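The values are calculated or read from the model by the stated rules, or taken from the named source; none is laboratory data. Keep in mind the model is a prediction, meaning the values are calculated, not measured. Cβ atoms come from the backbone with ideal geometry, glycine included; neighbour counts cover every protein chain shown. These area figures cover heavy atoms from the full protein model, side chains too; ligands, DNA and RNA do not enter into them. Shrake-Rupley method; radii C 1.70, N 1.55, O 1.52, S 1.80 Å.
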Amino acid sequence: MSESSIETGKVIFWSLRQKFVDSDDDIPEDAQQVMYYSLAIGHHVGMIDCLKTELECPLDGYQAWVNALPEGEARRKLQGLITFGEINIDSTHTNMLALALDDFAKDSDSPYQAWSATLIQLLGEIEQEPAIYLIVKRQPMSDVARQTQPSFSMETESSTENLLLSENPSPVQNLMLAVGNSMMGDDGAGPMLFDLMQQTPIDGWVAINGGSSPESVSHQVRALKPQRLLIVDAADIGLAPGEIRVIDPDDIAEMFIMSTHNLPLNFLIDQLKADVGEIIFLGIQPDLVGFYMPMNDKVIAAVEQVYQALPTWEGLGGFRLFEGE
């Protein structure tokens, strides 16, 4: 959609927040995930009204805000609202968005200072409680008076959604599953590869972003029944930043690999073996993993190297097998 064709309306950011389920009792993390998911589904079917409006801005102002951002992952993410009408922002997007908005938030003369500062604050809250997420929806002027709240949806801009919405999705040849947290510096390597594949798709490849909870999308992987599943993640295997290695899935459980995930990857891989012909785990050595940290240039280059290898991928894709070096 071109800027000139944008209809009059507004953009609303909603959040599912901790305050809706405040309790004096400590709730285990796994139970929190189930609780938040249940609330979201409850909202979707109209039985629970649990979303709070956090930020509103005119649609044309939102587009100008996005256009003012530098080219990159953050701008493409927020532009998805204009293209698809609704986006979700979760813990896999927080770091790239916070970094991109930082200059606006610190500039008192910027017309986008208040919006940027508010969104960065919300991103920080998501980082503290990954079960929280934002829903951002475009409302045409004809809908504004109705104040329609959004339906619960998974990431709407993913090209994989069309396949998954099919009644009997056809098996795919190659599937890349990105794992990692974009808010945590170099741990965003996998999600960065996902974004590259969304921006410029590769023939014969489908991509899914599993974020910090790849087990939550295992049903999507099973539905697509890929002949080859490539899992890409940051892996602290004691090499120089940006080094790339293929790690035997059978060895993952016995290795100490840095992980920001809810479950060890070997559990996920074991679950998928029955539905996937071949599983390859590709690890990229990180440098710094920390909240609001930029990605190391060598890690970025490694992600781009993996992206370039995908069109002609055979065997291990030209990458070395990790042998405890």
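Looking at segment 68-88, is at least one residue part of a helix (DSSP H, G or I) and farther than 24 Å from Met192 by Cβ? No: zero hits.
Taking the listed residues Leu265, Leu316, Leu272, the one that is modelled with pLDDT under 90 and under 22 Å from Leu196 (Cβ atoms) is Leu265, with no other qualifying. The number of residues in segment 275-299 that are open to solvent by less than 50 Å² (accessible area, probe 1.4 Å) and over 17 Å from Leu265 (Cβ atoms) comes to 4. Screening the candidates Ala68, Ala64 for the property of being open to solvent by 40 Å² or more (accessible area, probe 1.4 Å) and modelled with pLDDT of 90 or more yields one hit, Ala68.
Filtering segment 94-118 to residues that are within 19 Å of the chain's Cα centre (by Cα) and farther than 19 Å from Thr200 by Cβ leaves Thr94, Asn95, Leu97, Ala98, Leu99, Ala100, Leu101. Hey, does segment 84-97 have a residue that's modelled with pLDDT of 90 or more, more than 20 Å from Gln128 (Cα to Cα) and open to solvent by less than 40 Å² (accessible area, probe 1.4 Å)? No, the conditions are met nowhere in segment 84-97. Checking the stated criteria, Ala309 turns out not to satisfy the condition of being exposed (fewer than 15 other Cβ atoms within 10 Å of the Cβ) and aliphatic (A, V, I, L, M). Reported count of residues in segment 203-228, each being open to solvent by 20 Å² or more (accessible area, probe 1.4 Å), closer than 25 Å to Ile300 by Cα and either part of a loop (DSSP other than H, G, I, E, B) or in the same structural domain as Thr83 (by the TED database) (or both), is 3.
On the stretch given as segment 268-325, residues that are over 21 Å from the mean Cα position of the chain (by Cα), more than 20 Å from Ile247 (Cβ to Cβ) and part of a loop (DSSP other than H, G, I, E, B) total 2.
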